[in-house]
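Some notes on the structure that comes next.
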Amino acid sequence: MQAWQINDGTMALGSFDTPEPAPDQVRIRVRAVGINRADILQVKGMYPAPTGFDQRVPGLEYAGEVEAVGSKVTHRQVGDRVMGLIPSGAYAEYLVVHEDEPLTLPDNLDFATGATIPEAFLTAYRALFLDGGLQPGQWCLIRPASAGVGLAGTQLAAALGARPIGSSRNPANLRTAEGMGLVATVTEDDTLAEQLKSITGDGVAVIMDMVGPDWSQVLKGLRTEGTLSLVGVLGGAQTMMDLRPFLQRRLKITAMTMRSQTLDRRIAMAGLFNDRLAPLFAAERLRPLPMETFAFADALDAHRHMVEDDFSGKRVLVL
């Protein structure tokens, strides 16, 4: 099979043996691959795959069809349309995963569209609702609401009865999110906390933060007993802060990355998607993200597009 292989800070197409499924695994013929910033960082040597996974082939997000099943597989069959999120290895024509790990691709979505869904929607759902505890009627801040996870979080909050506010340093970048359910927008500047309190009265219940590390304004915009759910560090990986507000207002901070989850956790998240989120896609209460597509052979161009273009959506490789 063909797969993209990392080599000295770049990557090139190479030939690999087609993987054989273990007894409890399925082999998936990959039809589309979702591009994520983690892929670019992995190629540069800045974000290696978790221990135990192939470091040579990047890629977290795929859509395709089951081509072969292991001898003990009971829940999947050849021809099933699936999508998923894995720790590494999606930039390939084939991959193998545990039979319970893939998400079911809704019948009304094609493969390229399916490749825009797992990383963004699973990350946002966990950050806002599982870790953040967001409830219907509550306010949340999506920071920023311009990229894939932010767009997914905006939709999820609106579809499940919460009230999402979107932030960006450039308000023009929020136009796509405004069409997906944002109730209000704020600008990332020294008045952020004042803006949030003007909208909500006492601050937001949950902040899904992909930016970090300057929380001087962010924490002031969080209401008493609110939660900051950290899922990215686009603005930098280190910060200094006053811990007293956490004590005085009983604030919480939680952090996670979907990539480093154990197999059991990945299977559990797949079950949650199939049970809770897939019906929302079927009912069109959730919509796939805007996308730009590239041929599989043009993965380097797709990476350049992510780095250089301010497109608000997902980049997808089509096989």
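The values are calculated or read from the model by the stated rules, or taken from the named source; none is laboratory data. Keep in mind it's a predicted model, so treat the numbers as computed, not measured. Every residue, glycine among them, receives a Cβ derived from its backbone with ideal geometry; neighbour counts consider all protein chains shown. We work out accessible area using only protein heavy atoms, side chains counted, and drop any ligands, DNA or RNA first. Shrake-Rupley method; radii C 1.70, N 1.55, O 1.52, S 1.80 Å.
Residues in segment 7-26: is at least one of a type in the set (Gly, Ala, Ser) and buried (at least 21 other Cβ atoms within 10 Å of the Cβ)? No, that holds for no residue. When LEU141, LEU174, LEU151, LEU156 are screened for being open to solvent by less than 10 Å² (accessible area, probe 1.4 Å) and in a strand (DSSP E or B), only LEU141 passes. Pairing each residue of segment 1-13 that is under 14 Å from ALA299 (Cα atoms) with any residue that is outside any strand (DSSP E or B) and of a type in the set (Asp, Glu), provided the two are 6+ apart or on different chains, yields C-beta distances under 7 Å for GLN2/GLU93; ALA3/GLU93. Within segment 37-59, the set of residues being of a type in the set (Gly, Ala, Ser) and either closer than 11 Å to ALA90 by Cα or touching a strand residue (DSSP E or B) at 6+ places or on another chain (Cβ under 9 Å) (or both) comprises GLY45, GLY59. In segment 94-118, the residues that are surrounded by fewer than 22 Cβ atoms within 10 Å (Cβ to Cβ) and among the hydrophobic types (A, V, I, L, M, F, W, C) reach residues that are at pLDDT 95 or above and not in a strand (DSSP E or B) with C-beta atoms within less than 6 angstrom, at least six apart or across chains, in these pairs: VAL96/PRO19; VAL96/PRO21.
Could you say whether any residue in segment 84-91 is open to solvent by 40 Å² or more (accessible area, probe 1.4 Å) and at pLDDT 95 or above? No, the conditions are met nowhere in segment 84-91. Just so you know, in segment 183-213 the residues that are out of contact with any helix residue (DSSP H, G or I) (no Cβ under 8 Å at 6 or more places or on another chain) and buried (at least 24 other Cβ atoms within 10 Å of the Cβ) include one that is modelled with the lowest pLDDT, and it is ASP209. Of everything listed in (1) over 18 Å from the mean Cα position of the chain (by Cα); (2) acidic (Asp, Glu); (3) part of a loop (DSSP other than H, G, I, E, B); (4) modelled with pLDDT of 95 or more, the single unmet condition for GLU101 is (1). Restricted to segment 119-138, and to residues there that are touching a residue at least 40 places away in the same chain (Cβ under 8 Å) and part of a loop (DSSP other than H, G, I, E, B), the residue that is most open to solvent (accessible area, probe 1.4 Å) is GLN135. Residues in segment 214-256 that are among the small types (Gly, Ala, Ser), surrounded by 11 or more Cβ atoms within 10 Å (Cβ to Cβ) and without any contact (Cβ under 8 Å) to a residue 40 or more places away in the chain: SER216, GLY226, GLY235, ALA255.
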